[in-house]
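Trainee: Please find one structure pasted underneath; my questions will follow.
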Amino acid sequence: MIFIILLIIMAVLLLAAAVYSIVHRDLLFAVMGTGIVSVVLSLFFYLLQAPDVALTEAAIGIALTTIIFIITIRNTTRDEDEIIDKENEKL
Amino acid sequence: MQEEFNEIFIKYHEIITIGVYGTAIGLILIGLYAVLMKKNLVKIVIGLSIMDAGIHLLFVGIGYIQNGTAPIFSPGYENAGERMVDPVPQALVLTAIIIGFAITAVALSLIIRLYKHHHTAKIDQIKSLKW
Amino acid sequence: MTNKKSIPLLKRKSSPGKFIYTFLIMFIIWLGFTTSFEPAELITGVFVSLIIALFTDRIFSCCGMRVLMPHKIIYFIQYFFVFIMALIKANFDVARRVISPDLPINPGIVKFKTKLTNSFARLVLANSITLTPGTLTIDAIGNTFYVHWIDVTSEEPEVAYKEIAESFEKILMKIYED
Amino acid sequence: MTIILTIVFTLMAIGLILSMFRFVKGPRSGDRAMALDTFSIIITAAMVLLAHVFERYIYVDVALIYAVLGFVGVIVIARYIEGAL
Amino acid sequence: MMEILEYIGMALILIGGIFLFLGALGLVRMPDLYTRLQAGTKASTLGAMSTVLGVGLLHPDWILKILIIVIFIGVANPLSSHALARASYRKGVIPFSKNNIDKYKKAVKKQIKNLTS
């Protein structure tokens, strides 16, 4: 029974992180949200008996995707609506 | 001890199936919302990658069977052929993750180019067709 | 040792001792990754470690085989035990502070000077300080360590040095500085 | 044996929920990056424990990859916050 | 002999779970970023190490890979928290302090002045 509750908790966490990364205006926090989505998704693959997929998701999701997104928001803006000036961001 | 956990997995198989499929479809819908409604290009790419994640979860969930084990032959598991989960969706998902990463990288590099030309990354402010 | 700090990383000299040290570490890591003792895998591991050691020995190791002398191994074991004891004490400390309802903390940032000159030894000291009771290394500029201390008893650098770093530094001096 | 594993998995799940709370609430980016780090650490430990539950040696490799690569993302985020990337 | 190892391993797994939980609790309860970093880093490092070592004691033939995981956790986790603390201080996160003990501010100001001039 506890396993089922754990699975439901994980599903809720996954959806919450996905919604957070869509809703939040700061793009850096959105990227961190995709990082959490990728971490929990990897645990899902692991529970569904697919360790090779979990391994690839771990390597690509947590390291490479974060790095290329951060390089992008460094070269563009960090604010989604582009209201805060790039030099003045204090978050 | 493994048997007790396997019993749990068999007993609540429907709940696990519904949970996995529901999570996958929820992720796809969230990503679709972002792709359709958001104005910022980086946000759209984030939505695409979340949609990707949902589709991968759906595929792996299709291949799962009750009381399954990983489709890898290793010492102690030479005769576990009929217990193994379907390896074909896993191979497909493995390829799809890599290709999704490549698509994300290309899209982000295009966004950087676009930003350097237009000084904005919002699609409703980019009005000229050529750049 | 003191003028080594000014030499850039890519222009350091390589030596046979460093080469053997890097080779040994790489081979042990290979054994941990594969966990098998078949001849084919062992030979592959030897070749891979040789190639890696050939290219990276001057960056990877600081002082070569001097560290692996027998009397220094004993100090390593001693350091390990001191570190494990400090880690366990640190965790019960954190548990006490987290669970108690009124949060008994009095944080502040103190500084002290270290006598270590070797940069790798400084790295080990900084990581150890982060994992021991109530302290977190924030920065190390030159030989000055800036440490966030969760329960400041004194602002004086000497007192802070005695409370935080002395037990580790004594052993690290014996390992890296002779 | 099973009861201990159940307790440990429950504690890990509560830990995940708490760090998710800090991730959503955390006023600054440092708090959120710390929550991400705690997430990946807890999931590394859970993966090794699940390898024991399923009794297969290959599953430890995934946890190994997490332990090696899990901090790269946090380091890159820290460098970006510092402005030195 | 094996039974003793099993009991020790189970005890280590239980202790690890408790400390992982305490680390997350400290992440929520502490008042500012630096104390959060302290609680999170220490407790979660020992928790993960102890859980992983416990599994290693339950299966003695896995012990080499388990040891490598333990070493990587012990090296990587303090590094990331150190980088986060340094970056946050330079971005202007002021530490919570009852007695205003802050020796680092002067050094940062001096370094920034050297960089700009």
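The values are calculated or read from the model by the stated rules, or taken from the named source; none is laboratory data. In this text the structure is predicted, and so the values were computed from the model without any measurement. All Cβ positions, glycine included, derive from the backbone under ideal geometry; neighbour counts span all protein chains shown. Please note that ligands, DNA and RNA were not included when accessible areas were found on the heavy atoms of the full protein model with its side chains. Shrake-Rupley method; radii C 1.70, N 1.55, O 1.52, S 1.80 Å.
Trainee: Net charge within 12 Å of D:Ile75 by Cβ-Cβ distance, Lys/Arg positive one each and Asp/Glu negative one each, not counting D:Ile75 itself?
Mentor: Working: positive: D:Arg79, E:Arg86; negative: D:Asp37, D:Glu82.
Charge balance in the 12 Å sphere: 0.
Trainee: Please compute the contact order of chain B in relative form: average sequence separation of alpha-carbon pairs under 8 Å and at least six residues apart, divided by the residue count, as a percent.
Mentor: For chain B, the relative contact order is 24 percent.
Trainee: Going toward the positive end of the dipole of chain B, with +1 on Lys and Arg Cβ and -1 on Asp and Glu Cβ, which of B:Ile46, B:Ala107, B:Thr120 do you reach last?
Mentor: Checking the options against the dipole of chain B, the answer is B:Thr120.
Trainee: In deg cm²/dmol and to the nearest 500, what is the mean residue ellipticity at 222 nm of chain E if only DSSP H runs of at least 4 residues count, each as -39500 (n - 2.57), divided by the residue total?
Mentor: About -28500 deg cm²/dmol.
Trainee: Relative contact order, percent, of the range C:9-66 when contacts are C-alpha pairs under 8 Å separated by at least 6 residues?
Mentor: Numbers: 48 pairs, mean separation 37.9, N = 58.
Reported relative contact order: 65 percent.
Trainee: Output wanted: per-residue J couplings in Hz (rounded whole) for the range B:10-16, from phi through Karplus 6.51 cos²θ - 1.76 cosθ + 1.60, θ = phi - 60°, x for Gly and Pro.
Mentor: Karplus-based 3J(HN,Hα) across the range B:10-16 equals 6, 5, 10, 4, 5, 4, 4 Hz.
Trainee: How high is the relative contact order of chain D, given as a whole-number percent (alpha carbon pairs under 8 Å, six or more residues apart)?
Mentor: Once normalised by length, the contact order is 25 percent.
Trainee: What is the distance in Å between the Cα centroid of the range C:103-122 and that of the range D:1-79?
Mentor: 28
Trainee: Whole-Hz ³J(HN,Hα) for each residue in the range D:35-51, computed from phi via Karplus 6.51 cos²θ - 1.76 cosθ + 1.60 with θ = phi - 60°, x for glycine and proline: what do you get?
Mentor: Values per residue, Gly and Pro as x: 5, 4, 5, 4, 3, 5, 5, 4, 6, 4, 4, 5, 5, 5, 5, 5, 4 Hz.
Trainee: Through the Karplus equation 6.51 cos²θ - 1.76 cosθ + 1.60, θ set to phi - 60°, convert the phi angles of the range D:10-24 into ³J(HN,Hα) values in whole Hz; use x for Gly and Pro.
Mentor: Once θ is set to phi - 60°, the couplings for the range D:10-24 become 4, 4, 5, 5, 5, x, 4, 5, 5, 6, 5, 4, 5, 5, 6 Hz.
Trainee: In addition: Name the residue farthest towards the positive end of the dipole of the protein assembly as shown from the options C:Tyr161, D:Leu49, C:Thr34, assuming +1 on Cβ of Lys and Arg, -1 on Cβ of Asp and Glu, about the Cα centre.
Mentor: Of C:Tyr161, D:Leu49, C:Thr34, it is C:Tyr161.
Trainee: Same structure, new question: Enter the accessible area per residue of the protein assembly as shown (Å², integer; probe 1.4 Å; all protein chains in place).
Mentor: Counting only protein heavy atoms, the per-residue value for the protein assembly as shown is 45 Å².
Trainee: Something else now. How big is the charge dipole of the range B:2-118 about its Cα centre, in debye rounded to the nearest 20, if each Lys and Arg gets +1 on its Cβ and each Asp and Glu gets -1 on its Cβ?
Mentor: 1080
Trainee: In debye, nearest 20, what is the charge dipole magnitude of the protein assembly as shown about its Cα centre with +1 on Lys and Arg Cβ and -1 on Asp and Glu Cβ, if you could check?
Mentor: 3100
Trainee: Counting helices only, and only those DSSP H runs with n ≥ 4, report the 222 nm mean residue ellipticity of chain C as the sum of -39,500 (n - 2.57) divided by its residues, in deg cm²/dmol to the nearest 500. It would help to have the intermediate numbers written out before the result.
Mentor: Details: 6 runs with 103 residues, N = 178.
My calculation for chain C gives -19500 deg cm²/dmol from helical runs alone.
Trainee: Follow-up question, since we're still on this one. Quick one: if the Förster radius is 41 Å, what FRET efficiency do B:Val35 and E:Met2 give, using the C-beta to C-beta distance and rounding to 0.05?
Mentor: Between B:Val35 and E:Met2 the formula returns 0.15.
Trainee: Grab the DSSP H runs of chain D that are 4 residues or longer, score each as -39,500 (n - 2.57), total them, divide by all residues and round the 222 nm result to the nearest 500 deg cm²/dmol.
Mentor: Dividing the helical sum by the residues of chain D leaves -31000 deg cm²/dmol.
Trainee: For a quick check of your reading of the filter: which trypsin sites (Lys or Arg not before Pro) in the range B:37-131 sit in a DSSP loop and have no more than 10 other Cβ atoms within 10 Å?
Mentor: Working: sites: B:Lys38, B:Lys39, B:Lys43, B:Arg83, B:Arg113, B:Lys116, B:Lys122, B:Lys127, B:Lys130; in loops: B:Lys38, B:Lys39, B:Lys127, B:Lys130.
Listed in order of number, the matching sites are B:Lys127, B:Lys130.
Trainee: Another question, then. How much FRET efficiency would the formula 1/(1 + (r/R0)^6) give for C:Thr153 and C:Phe55, where r is the Cβ-Cβ distance and R0 is 41 Å, rounded to 0.05?
Mentor: 0.30
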